Amino acid sequence: MRMSKYHLTVGLEVHAELKTTTKMFCSCRNDPDAEHPNVNVCPICMGHPGTLPTINKQAVAHVLSVGAAAGGELADFSEFDRKSYFSPDIPKGYQISQYAYPLVRGGSINGVTLTRIHLEEDTARSTHDKGERSLVDFNRSGVPLMELVTEPDMHTPEEVGAFARELQLLLRYLGAGDANMEKGEMRVEANISVSSDSTRLGTKVEVKNLNSFKAVERAIAYELARQSRLLDRGDEILQQTLGWDEAKQQTFAQRSKEDSHDYRYFPDPDLPKLKLSELPELGAEAISAALPELPWQARERYVSSLGLHPTTADTLVADLPLRTFFDQASKGVSPEERTLIANYLTSDLNGLISAGECGRSVLVERDPAEFASLIGLVSSGEISSRGAKGTLLVWVKEGGDPRQLAEREGLLQVSDAHAMQSLAREVITEHPDVVETYRGGKEQSLKFLVGQGMKRSKGSANPAMLEKALRELITTEQAR
């Protein structure tokens, strides 16, 4: 992206659906992606008059956990408010949210300061691709929804993307949500301002419902370029809400930007005030004590304590099932084997998954201890790198003891001197021209001969012993 003479500032509002058994204010199943529309519904989440909501404690705990992980201030007192606005997917004519007393204030993630984190209910889902009609599915109506608001701390699209990815990871590590953006489980709204003066903010525009990290970065980059052009011409930037057209790679106007007073917030009279100190399991001390190892803590441990390469650590931390498998497989092994386990997981096993040789379920279905045994064979020299790849391919499909699999496939490394001499002689006989180029001083030719020997042995030959045997035979025959 070209350098701009204008100063970009971005703050985010992130909505994330929470993983709970039931919806936020009723006992309907929390399953917005049910096979059939409008099956997980009841009078409460359909907004029927006279119904009374109740607060989902699990959802409150999830939000408090995110706040504790971010180092925020957890509220002792909180309450829910009615946020009034009309939309076809808001059945009551208002949304139950939080305004004056959020569950969390402050904290930071990835160096970005948080303003607040609060809890509300999701809307229903509207579809507009059914001919001349629009349809509404209330399976999502009332699903617990966390809203996280940041300070305007970010100044590049890449910085925003990195923050959103780290938040997604955090939600997954905490078990608070899957945060799959392509499914709408995490939606990002970017508040963007562009100014010629780095000491003040420009007019704020909001880009709504960005549903991929790439879309977030592209929309911000587009707005920086668009607003810069307007400022160059001396035009006014309007405060408004924008959408993002992924196909056209551009924003489009939706409506004028609302302010908080437009929503006519007031405390919901049907819900009790929350005094969290009266609920020991939701107190700050209990919430903090229950936190698992967090993404940035795992990253630090892998690099500083275990000595893994930062790129390898990033790959493991970004993939929770892969990271869990690594932690189980690397228990009690030597530092050398631990590094090999990490490398084989992030390159070879991930490569087999990407190539379709096995599914990601292999990380659950296969025994990590067996994988560690395979790496032990590599570390001890009982199996070559090529033999390990062959054994790994069989293991992901069948499972079982790697040594037995390698023996069955003829992949255990052969280190018998007589066998190496015999193999070397076969290679020399098959490639006399290459032998002559080696004798002429081209050292690389010997590597080719070793490769041919490894190919003939299906990776079972000891490459160091094979190379030694080749050198000795070629030298001996040349002397004759």
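The values are calculated or read from the model by the stated rules, or taken from the named source; none is laboratory data. This is a predicted model, so every value here is computed, not measured. All Cβ positions, even for glycine, are placed from backbone atoms using ideal geometry, and neighbour counts span all protein chains on display. What goes into the accessible areas is simple: the full protein's heavy atoms, side chains included, and nothing from ligands, DNA or RNA. Shrake-Rupley method; radii C 1.70, N 1.55, O 1.52, S 1.80 Å.
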Binned Cα-Cα distances of the stretch 136-278, short to long, each 5 Å bin given as a whole percent: 2, 8, 15, 19, 18, 16, 11, 7, 4, 2, 0, 0
Counting DSSP beta bridges with both ends in the chain, the antiparallel % (nearest 5): 95 percent
Rotationally averaged projected area of the chain (alpha carbon convex hull; nm²): 32.1 nm²
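Tell me, in nm to one decimal, what length is gained between residue 39 and residue 306 on full extension, where the rule is 0.36 nm per residue of separation less the Cα-Cα distance? Please list the in-between numbers first.
Values: separation 267, 0.36 × 267 = 96.12 nm, distance 4.91 nm.
Difference between extended and current length: 91.2 nm.
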Centre separation in Å (Cα based) which lies between the stretch 138-166 and the stretch 294-317: 24 Å
Nearest-0.05 FRET efficiency for residue 331 and residue 398, computed from C-beta distance (R0 22 Å): 0.40
Calculated log₁₀ intensity ratio I(q)/I(0) where the Debye formula runs over C-alpha points of the stretch 331-439, q = 0.17, 0.19, 0.23 Å⁻¹: -0.82, -0.94, -1.21
Debye, to nearest 20: dipole size of the stretch 245-328, +1 on Lys, Arg Cβ, -1 on Asp, Glu Cβ: 180 debye
Extended-chain gain in nm, criterion 0.36 nm per residue less alpha-carbon gap, residue 201 and residue 105: 32.3 nm
Partners for residue 389 among lysines (Cα-Cα distance below 26 Å; same-chain residues under 8 apart left out): 331, 397, 447, 455, 458, 468
Cα-based radius of gyration of the stretch 60-213 once divided by 2.2 N^0.38 Å, which approximates compact folds: 1.12
Probe 1.4 Å - accessible area at residue 117, Å² to nearest ten: 0 Å²
Candidate lysines - alpha carbon under 19 Å from residue 204, same-chain residues fewer than 8 apart omitted: 5, 257
Cβ crowding within 10 Å averaged over residues, with 277-285, 202-210 ranked highest first: 202-210, 277-285
Computed accessible area, residue 232, all protein chains, 1.4 angstrom probe, square angstrom: 90 Å²
Solvent-accessible heavy-atom area per residue, rounded to whole Å², over the chain at 1.4 Å: 48 Å²
Length released on extending from residue 236 to residue 408, taking residue separation times 0.36 nm less the Cα-Cα span: 54.5 nm
Other-chain or far-sequence residues with amide H under 5 Å of residue 99's (modelled H): 81
Per-residue ³J(HN,Hα) for the stretch 373-384, Karplus 6.51 cos²θ - 1.76 cosθ + 1.60, θ = phi - 60°, Hz, x for Gly and Pro: 5, 4, 5, x, 5, 5, 4, 7, x, 6, 9, 7
Distance in nm between pseudo-label sites at residue 31 and residue 367 (7 Å out along the Cβ direction from Cα): 3.4 nm
Rule-of-thumb Rg ratio for the stretch 1-121 [Cα; 2.2 N^0.38 Å; N residues]: 1.28
Of 238, 144, 415, farthest towards positive along the dipole that unit charges on Lys, Arg, Asp, Glu beta carbons give the chain: 415
Nearest-0.05 FRET efficiency for residue 255 and residue 318, computed from C-beta distance (R0 25 Å): 0.10
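For 416, 81, 348, write out the residues from largest to smallest accessible area, computed with a 1.4 angstrom probe and no ligands counted.
Values: 416 85, 81 5, 348 30 Å².
Sorted descending by solvent-accessible area, the residues read 416, 348, 81.
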Accessible surface ranking that places the most exposed of 296, 395 first, with a 1.4 angstrom probe: 296, 395
Reference-scaled alpha-carbon Rg (2.2 N^0.38 Å with N residues) for the stretch 1-58: 1.87
